[in-house]
Amino acid sequence: MKHTKIILISLLSFWANVVVEAQPKKDVCIQLYSVRDVINAGNDLSQILNDLAKMGYTSVEAANYNDGQFYGLSPIEFKQLVEQSGMKVLSSHCGRGLSNEELVSGDLTKSLVWWDQCIAAHKAAGMSYIVTPYQELPSTIKDLKTYCDYYNEIGRKCNAVGIKYGYHNHAHEFKKVEDSAVMLDYMLENTDPENVFYQMDVYWVVRGQQSPVDYFNRYPGRFTVLHIKDDKEIGQSGIVGFDAIFKNVQTAGVKDIVAEIEKYSNDDVMGSVKSSLDYLQNAEFVPFSY
C-alpha cells in the first residue's frame, strides 16, 4: 500500500507538471530596443534571444535596420536566429525622414527608392509589419500633408508584397500644427486605412494627456498594433489604465501587442523585461491572442 501511495503521488506530480507546461503562452512580442543595453554591450544576440524566449516572449520587433541588415546580420540570418530561439519575427522599427527639398517640391522619388530596398529586406526577414517610429512636429500643415502622402505611398509599396505599414506615436503628436490641427488626428484623417495603420504607444498617449480608449472610439479599427509600455516595468507606475485598454482592443482593431521597456529599476535590464512579461501573463484582462 505504501508503494502504491508513492507511485500515485509521483503520477499526480508528473501530470501537474505536464499541465503547467502545456498551458499556452500569451502572444507577446518584445521590442528589442528594450534590451539595447545588453546588445550594445557586445553580448551574444543568439543567447539574448534564447533568454527572451525562455521568459515566454513569442516574437520580436527589431530596432536596428541599417543598409539591408538587422543587427549586422542579413535578413535571412536574422530570421533564422530568431526562429532558432523558438520565437518569430513580427515587425521592425525603421524610417527615413524627408529632406527640406522634398518637403518644398513634394517630389518623394528619392526617399521612395530607398524604401524599395528597405521593404525587400524586411520581406526577406519575414516581417509582418514595418513601423516608422518617429516624426518631429512639422512646422506647417503643408509639410504634414506631404508626410501623409509619403506614408500612403510607403504603405502601397508594403501592401504589394504582403507587409503592413504603420506609424508609432510619442507624446508630441498631440500638439497642434499651426495652432489648428492636432498632429495625430490629422495623420489619422489624411492617411488611407488600407495603406497606413497606427501602432499606438499607450504610455506616450497618457503622457500626452490623452486617453487611449478615447482614441480607439474616435478612430475604430486603426490601431492594429499596440506598444504596451510604462514608466519603467509594465504595470508598476499605476498611471496607465491597462485594464481599460485591453478591454477595448476589439474596437481598436488590435492584432498584436509589443512590450517595450525603456527604463529599468536598478539597471536590471533582463529582470525588468521579465517582470513586465510576468505582469502581462498574470493579468486576467490580457487576452492570449487577438
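Ignoring ligands, DNA and RNA, what accessible area per residue does the chain give at 1.4 Å, in Å²? If you can, show how the numbers build up before the last one.
Details: 14040 Å² over 290 residues.
Accessible surface, normalised per residue, equals 48 Å².
About its Cα centre, how strong a charge dipole does the chain have in debye, to the nearest 20, once Lys and Arg get +1 and Asp and Glu get -1 at the Cβ?
960 debye
What share of the DSSP beta bridges in the chain is antiparallel, in percent to the nearest 5? Mind showing how you got there, number by number?
Working: 5 of 31 bridges.
Taking every DSSP beta bridge with both residues in the chain, the antiparallel ones total about 15 percent.
What does the charge count near S99 come to, summing +1 for each Lys or Arg and -1 for each Asp or Glu among other residues with Cβ under 13 Å from its Cβ?
Working: positive: R96, K110; negative: E101, E102, D107, D143.
It works out to a net charge of -2.
For I39, I261, give the ranking by accessible area with the largest first, probe 1.4 Å. Each step should come with its number before you reach the end.
Numbers: I39 35, I261 0 Å².
My answer, sorted largest first, is I39, I261.
To the nearest 20 debye, what charge dipole does the range 84-221 have about its Cα centre, counting +1 at the Cβ of each Lys and Arg and -1 at the Cβ of each Asp and Glu? Don't jump to the answer; show the numbers that get you there.
Values: 13 positive and 17 negative charges, 106 e Å.
The calculated dipole for the range 84-221 is roughly 500 debye.
By its C-alpha gyration tensor, with a ≥ b ≥ c as the square roots of the eigenvalues, how is the range 87-234 shaped: rounded for a/c under 1.5, else prolate for a/b larger than b/c, else oblate? Don't jump to the answer; show the numbers that get you there.
Values: a/c = 1.79, a/b = 1.08, b/c = 1.65.
Since a/c reaches 1.5 but b/c is at least a/b, the shape of the range 87-234 is classed as oblate.
Greater than 18 Å separation of Cα atoms is the criterion. Which listed pairs, K164/K263; K25/K164; K79/K232; K142/K176; K26/K274, meet it?
Going by Cα-Cα distance, K164/K263; K25/K164; K79/K232 fall outside the 18 Å limit.
In whole percent, how big is the carbon plus sulfur part of the accessible area of the chain, probe 1.4 Å, protein atoms only?
On the way: 6980 of 14040 Å².
Of the solvent-accessible surface of the chain, carbon and sulfur hold 50 percent.
Specify whether the C-alpha gyration tensor of the range 77-131 places it in the rounded, prolate or oblate class, a ≥ b ≥ c being the square roots of the eigenvalues: rounded for a/c under 1.5, otherwise prolate if a/b is larger than b/c and oblate if not. Present the calculation step by step, with values, prior to reporting the outcome.
Values: a/c = 4.43, a/b = 3.20, b/c = 1.38.
Since a/c reaches 1.5 and a/b is larger than b/c, the shape of the range 77-131 is classed as prolate.
What percent antiparallel are the DSSP beta bridges of the range 121-207, to the nearest 5?
Details: 2 of 9 bridges.
Of all bridge pairs located within the range 121-207, approximately 20 percent are antiparallel.
Return the calculated 222 nm mean residue ellipticity for the chain, to the nearest 500 deg cm²/dmol, obtained by summing -39500 (n - 2.57) across DSSP H runs with n ≥ 4 and dividing by the residue count.
Details: 13 runs with 134 residues, N = 290.
For the chain, the value works out to -13500 deg cm²/dmol.
What's the longest bit of the chain with no exposed GluC sites (Glu not before Pro), using DSSP loop states and at most 12 other Cβ atoms within 10 Å as the test? The partial results should precede the final answer.
On the way: sites that count: E136, E178, E194, E284.
Longest site-free region, per DSSP loop and neighbour criteria: 1-135.
More than 33 Å apart: what percent of Cα pairs in the chain qualify? Walk me through the intermediate numbers first.
Working: 11428 of 41905 pairs.
Tail fraction, whole percent: 27.
Using the charge dipole of the range 176-246 (Lys, Arg: +1 at Cβ; Asp, Glu: -1 at Cβ; taken about the Cα centre), state which of I239, A181, Y219 has its Cα farthest towards the positive end.
I239
The values are calculated or read from the model by the stated rules, or taken from the named source; none is laboratory data. Model, not experiment: these values are computed from the prediction. Note that each Cβ is placed from the backbone with ideal geometry, even for glycine, and that neighbours are counted across all protein chains shown. Accessible surface is based on the protein model in full, side chains and every heavy atom, while ligands, DNA and RNA are left aside. Shrake-Rupley method; radii C 1.70, N 1.55, O 1.52, S 1.80 Å.
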